[in-house]
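The values are calculated or read from the model by the stated rules, or taken from the named source; none is laboratory data. This is a predicted model, so every value here is computed, not measured. Virtual Cβ from ideal backbone geometry, glycine too; neighbours counted across all protein chains shown. To get the accessible areas, we keep the full protein, side chains included, count just its heavy atoms, and leave off ligands, DNA and RNA. Shrake-Rupley method; radii C 1.70, N 1.55, O 1.52, S 1.80 Å.
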Amino acid sequence: MRLTRSSMLEVLGSEYVKLARLKGLPEALVISKHALKNALIPVLTAAGINLGDHGQRGDRRGDRLRVPGVGRPALRGYRLPRRPVVQATVLLGGVMIVVVNLVVDILYAVIDPRIRYET
């Protein structure tokens with residue numbers, strides 16, 4: 001919430017928002033169309049990083065919280081010399097980070113039409 005607020009305050013002071021207000025656009029339109037879309041880019045970046053990090057930590061927390069999942073086998077694989085379990089856990093974490101970053105990049109193009117991805 002603090003990141004969203006600080007990002008919105010920064011965007012609301014920019015020139016294109018001032019210009020939109022001077023044109024006489026309603027305040028709700030200025031905020032929703034001009035300010036919010038540009039303020040969401042840093043928020044989306046932080047959310048993607050936190051989601052990828054949370055997924056990595058969530059695997060290890062599962063054993064302490066008694067929640068079934070990947071946590072218990074991952075901890076056993078780390079403690080005992082079980083290389084395939086450790087490799088699968090690391091691979092799962094890497095795939096999760098790649099997928100989260102891909103979704104965040106696609107959402108950038110949805111939020112900000114100036115961002116284009118070319119093949």
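When restricted to residues that are open to solvent by 30 Å² or more (accessible area, probe 1.4 Å), over 14 Å from the mean Cα position of the chain (by Cα) and either among the hydrophobic types (A, V, I, L, M, F, W, C) or within 19 Å of residue 95 (Cα to Cα) (or both), the range 14-55 contains 7. Identify the residue in the range 91-119 that is assigned to a helix (DSSP H, G or I), surrounded by 13 or more Cβ atoms within 10 Å (Cβ to Cβ) and not hydrophobic (A, V, I, L, M, F, W, C) and, among all such residues, is modelled with the lowest pLDDT. Among residues in the range 91-119 that are assigned to a helix (DSSP H, G or I), surrounded by 13 or more Cβ atoms within 10 Å (Cβ to Cβ) and not hydrophobic (A, V, I, L, M, F, W, C), the one modelled with the lowest pLDDT is 93. Taking the listed residues 33, 18, 37, the one that is basic (Lys, Arg), modelled with pLDDT of 90 or more and assigned to a helix (DSSP H, G or I) is 18, with no other qualifying.
Restricting attention to the range 47-90, which residues are at pLDDT 70 or above, among the hydrophobic types (A, V, I, L, M, F, W, C) and not in a helix (DSSP H, G or I)? Matches in the range 47-90: 80 only. Looking at the structure I just gave you, is residue 7 modelled with pLDDT of 90 or more and either closer than 24 Å to residue 98 by Cβ or open to solvent by less than 90 Å² (accessible area, probe 1.4 Å) (or both)? Spelling it out, residue 7 is indeed modelled with pLDDT of 90 or more and either closer than 24 Å to residue 98 by Cβ or open to solvent by less than 90 Å² (accessible area, probe 1.4 Å) (or both).
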